[in-house]
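See structure below.
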Amino acid sequence: MKVLVGVKRVVDFNTRIQVKSDGSGVQTDGVKFSMNPFDEIAVEEAIRLKEAGLATEVIAVSIGGDKNQDTLRSALAMGADSALLVKTDDEIQPLMAAKILKNLVEQQQPKLVLLGKQAIDDDANQTPQMLAGLLGWPQATFASKLEIDGDTAAVTREVDAGLETLSVDLPAVVSSDLRLNEPRYIKLPDIMKAKRKPLEVIDLADLNIAASASIATLKTSAPPQRQAGIKVESSEALVAELKARNLV
Amino acid sequence: MNKILVIAEHANGVLNSSTARAVACAAAIGGEITVAVLTTGSCDVAAQAAGLEGVVSVAELTNPGNAQALAALQAPQLLEISAGYTHVLAPNSTFGKDLMPRLAALLDRPMVTDIMAVQDARTFDRPVYAGNAITTVQVDDDGLVLATVRGASWPPVVQTQAPVTVECQTSDIDLPAHTRFVALDGEQGDRPDLQAAEKVISGGRGLGAAEHFALVEAVADKLGAAVGASRAAVDSGWVPNDLQVGQTGKIIAPDLYIAAGISGAIQHLAGIKDAGTIVAINKDPDAPIFEVADIGLVADLHEVLPALTEML
């Protein structure tokens with residue numbers, strides 16, 4: 001079973017986000033970029049499937065500029081077998097990303113596509129569902145547990161009401177939630193090994209995908225900040241304050 | 001005039017309040033609001049939707065495949081009826097997040113996630129970077145607008161009006177058999193739903209152990225509040241994951257939010273930004289939660305919570 005796993009290069013999750021004063025976006029100069037944490041979980045899951053003998057090959061794919069090669073090298077260092085970069089300097093929105101991934105799926109014929117449930121930059125949470133819709137495949141989003149059994153997968157999903165389990169036929173698209181696994185740390189020898197693994201670069205234009213309708217970002221602003229209020233000294237004072245404000 | 005379709009979220013015969021919140025957003029966009037209710041045939045939920053303020057019609061789609069809300073089965077049914085609308089909205093709950101992008105892909109349309117505010121009928125504010133920035137985005141062609149609605153930003157419309165007519169139609173399209181519901185493991189307690197509750201009390205790492213969550217629950221029961229938790233408490237296995245409040249859990253906007261033993265990691269704060277009043281109880285005076293709390297009490301929650309239970 002071939003597994004395709006998508007990785008996005010995003011502003012590192014530890015970065016303090018600064019909105020540019022001219023409203024044109026957030027500050028990305030001199031900011032650390034890393035693999036989207038949800039995608040890291042997806043890569044880890046794919047590698048675990050391979051280690052368990054359920055997957056035969058793990059292909060990591062990314063869409064973006066040349067720097068995405070670093071992100072793909074991280075996926076290779078974690079244990080992916082090969083990597084594919086669809087190169088473009090344009091902003092790629094979820095619908096277009098899903099169309100690109102569909103094209104790669106048709107070429108590579110994986111039985112499972114693993115993607116992070118959302119990227120921590122645009123927080124869109126759309127690409128996996130869109131890809132599944134375009135392919136007409138089952139989708140199991142927000143996965144916290146994945147069990148492959150022959151041609152089906154049992155997926156436990158983190159939904160608002162609790163944990164939902166679905167059974168889906170393969171091929172399928174699965175999107176990873178936080179508790180699916182804990183990604184491994186990359187060790188130095190793995191980084192060395194990753195340098196020798198194949199990383200193919202394809203120009204987006206060569207895939208001949210028609211442009212999609214997109215959404216324009218008019219401006220980016222800083223969110224309203226909450227201010228600290230008062231401090232009370234005791235439980236009694238807290239109850240008195242809550243009563244004074246008609247909250248209890 | 002805009003024709004807005006709002007997809008209802010419901011379970012066990014009860015309309016989720018997230019639907020009334022999405023209707024509130026639809027009302028801000030302005031236009032004729034229709035609620036789509038996908039069921040197996042029982043009309044209870046459609047009747048509830050028919051009483052929501054501002055709704056002019058309810059379209060009930062019945063199909064045996066609607067016993068559970070599975071995106072792969074519901075998106076094709078909605079595809080059938082989406083033509084003729086200018087907007088299709090759904091709550092930005094796990095239900096709407098699962099369904100809407102799939103529907104958008106079938107319609108070959110982009111989608112707006114998590115509307116916080118409406119600037120005009122095609123221009124919306126939405127959070128990015130875990131709520132650390134807000135973008136104003138525009139669907140700048142004349143095609144269908146698809147979006148999910150951030151519940152915490154939209155107080156639900158009320159159930160006041162005389163119910164409008166429910167148009168029932170049986171969907172006879174072939175639905176895929178490749179996706180099957182197996183089970184739902186959820187807490188069915190007596191407490192109010194976390195996302196709908198007016199009062200919420202959450203516990204965090206400061207509780208120290210699973211059994212101390214009873215202290216939080218005692219205050220919750222006294223207040224009629226829902227119980228939540230920080231990621232640390234969930235990751236420690238003290239409470240189930242569906243209680244998690246924060247960017248990767250639930251984003252809530254109760255009138256009163258009490259954070260007990262929660263330091264206030266940025267991920268947690270992203271989930272409570274829209275709360276009315278935030279109360280923080282923590283023994284660490286430097287905990288970041290105090291920077292956003294309206295009322296702070298620097299004290300040991302193991303003493304404060306029993307005292308609150310006593311006094312409230």
query: Right, B:Ala59: touching a strand residue (DSSP E or B) at 6+ places or on another chain (Cβ under 7 Å), small (Gly, Ala, Ser) and free of Cβ contacts under 8 Å to residues at least 40 places away in the same chain or not?
result: no
- prompt: How many of the residues making up the stretch A:44-78 are acidic (Asp, Glu), part of a loop (DSSP other than H, G, I, E, B) and in contact with a Leu (Cβ under 7 Å, 6 or more places away or on another chain)?
  reply: 0
- request: Tell me which of these A:Ser176 doesn't satisfy, since it passes every other one: (1) under 29 Å from A:Gln69 (Cα atoms); (2) surrounded by 20 or more Cβ atoms within 10 Å (Cβ to Cβ); (3) within 10 Å of chain B (Cβ to nearest Cβ).
  value: (3)
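Please find, among B:Gly131, B:Gly151, the residue that is touching a strand residue (DSSP E or B) at 6+ places or on another chain (Cβ under 8 Å) and closer than 30 Å to A:Lys145 by Cα. If you could, list the steps in order and put the result at the bottom.
Working: B:Gly131 fails: touching a strand residue (DSSP E or B) at 6+ places or on another chain (Cβ under 8 Å).
Matching residue, one of B:Gly131, B:Gly151: B:Gly151.
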message: Can you find a residue that is touching a strand residue (DSSP E or B) at 6+ places or on another chain (Cβ under 6 Å), touching a residue at least 12 places away in the same chain (Cβ under 8 Å) and within 9 Å of chain B (Cβ to nearest Cβ) anywhere in the stretch A:102-119?
response: yes
- prompt: Is the stretch B:247-256 home to any residue that is farther than 25 Å from B:Arg126 by Cβ, of a type in the set (Ser, Thr, Tyr) and within 13 Å of chain A (Cβ to nearest Cβ)?
  reply: no
task: Could you check B:Ala49 against (1) more than 7 Å from every other protein chain (Cβ to nearest Cβ); (2) more than 18 Å from the chain's Cα centre (by Cα); (3) surrounded by 22 or more Cβ atoms within 10 Å (Cβ to Cβ); (4) hydrophobic (A, V, I, L, M, F, W, C) and say which number it fails?
output: (2)
Hits in the stretch A:141-165 (condition: over 15 Å from A:Pro110 (Cβ atoms), touching a helix residue (DSSP H, G or I) at 6+ places or on another chain (Cβ under 9 Å) and either in contact (Cβ under 8 Å) with a residue 24 or more places away in the chain or outside any strand (DSSP E or B) (or both)): A:Thr141, A:Phe142, A:Ala143, A:Ser144, A:Lys145, A:Asp160, A:Ala161
field: Checklist (1) within 19 Å of B:Arg21 (Cβ to Cβ); (2) part of a helix (DSSP H, G or I) applied to B:Val234, failing item
entry: (1)
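Collect the residues in the stretch B:1-18 that are buried (at least 19 other Cβ atoms within 10 Å of the Cβ) and either free of Cβ contacts under 8 Å to residues at least 12 places away in the same chain or closer than 18 Å to B:Pro155 by Cα (or both), keeping them in residue-number order. Give the derivation first.
Pass one, the stretch B:1-18, residues buried (at least 19 other Cβ atoms within 10 Å of the Cβ): B:4-10, B:15-16, B:18.
Residues satisfying the conditions are B:Val6, B:Ile7, B:Ala8, B:Glu9, B:His10, B:Leu15, B:Asn16, B:Ser18.
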message: Residues that are within 28 Å of A:Ala211 (Cβ to Cβ) and more than 10 Å from chain A (Cβ to nearest Cβ), at least 1 per element: which strands (runs of 3 or more DSSP E) completely within the stretch B:65-179 meet that?
response: B:87-91, B:111-115, B:117-120, B:145-149
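Test of understanding: among B:Glu310, B:Glu291, which residue is at the interface with chain A (Cβ under 8 Å from one of its Cβ atoms) and surrounded by fewer than 17 Cβ atoms within 10 Å (Cβ to Cβ)? If you could, list the steps in order and put the result at the bottom.
Working: B:Glu310 fails: at the interface with chain A (Cβ under 8 Å from one of its Cβ atoms).
Exactly one of B:Glu310, B:Glu291 is at the interface with chain A (Cβ under 8 Å from one of its Cβ atoms) and surrounded by fewer than 17 Cβ atoms within 10 Å (Cβ to Cβ), namely B:Glu291.
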- prompt: Do you know which of the residues in the stretch A:126-139 that are facing chain B (nearest Cβ under 8 Å) and hydrophobic (A, V, I, L, M, F, W, C) is farthest from B:Arg102 (Cα to Cα)?
  reply: A:Trp137
- prompt: Which one of A:Asp169, A:Asp206 is more than 7 Å from chain B (Cβ to nearest Cβ) and either in contact with a Pro (Cβ under 7 Å, 6 or more places away or on another chain) or modelled with pLDDT of 95 or more (or both)?
  reply: A:Asp206
- request: Name, by its number, the condition in (1) in a loop (DSSP other than H, G, I, E, B); (2) more than 22 Å from the chain's Cα centre (by Cα); (3) without any contact (Cβ under 8 Å) to a residue 12 or more places away in the chain that does not hold for A:Ala211.
  value: (3)
- prompt: Limited to the stretch A:222-247, what total is found for residues that are loosely packed, with under 13 Cβ neighbours inside 10 Å, under 29 Å from the mean Cα position of the chain (by Cα) and either facing another protein chain (nearest Cβ under 7 Å) or touching a residue at least 60 places away in the same chain (Cβ under 8 Å) (or both)?
  reply: 0
task: Please work out which one of (1) surrounded by fewer than 13 Cβ atoms within 10 Å (Cβ to Cβ); (2) more than 12 Å from chain B (Cβ to nearest Cβ); (3) small (Gly, Ala, Ser) is the condition A:Ala194 fails and give its number.
output: (1)
- prompt: Only one of (1) farther than 30 Å from A:Gly79 by Cβ; (2) not in a loop (DSSP other than H, G, I, E, B) fails for A:Leu247. Which number is that?
  reply: (2)
- prompt: Taking the condition under 18 Å from the mean Cα position of the chain (by Cα) and surrounded by fewer than 21 Cβ atoms within 10 Å (Cβ to Cβ), does A:Arg73 pass?
  reply: yes
Residue that is nearest to B:Val112 (Cα to Cα) [pool: residues in the stretch B:19-46 that are buried (at least 24 other Cβ atoms within 10 Å of the Cβ) and in contact with an Asp or Glu (Cβ under 7 Å, 6 or more places away or on another chain)]: B:Thr19
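The values are calculated or read from the model by the stated rules, or taken from the named source; none is laboratory data. Just so it is clear, the model here is predicted, and its values are computed rather than measured. Here Cβ is always computed from backbone atoms with ideal geometry, including for glycine, and neighbour counts include all displayed protein chains.
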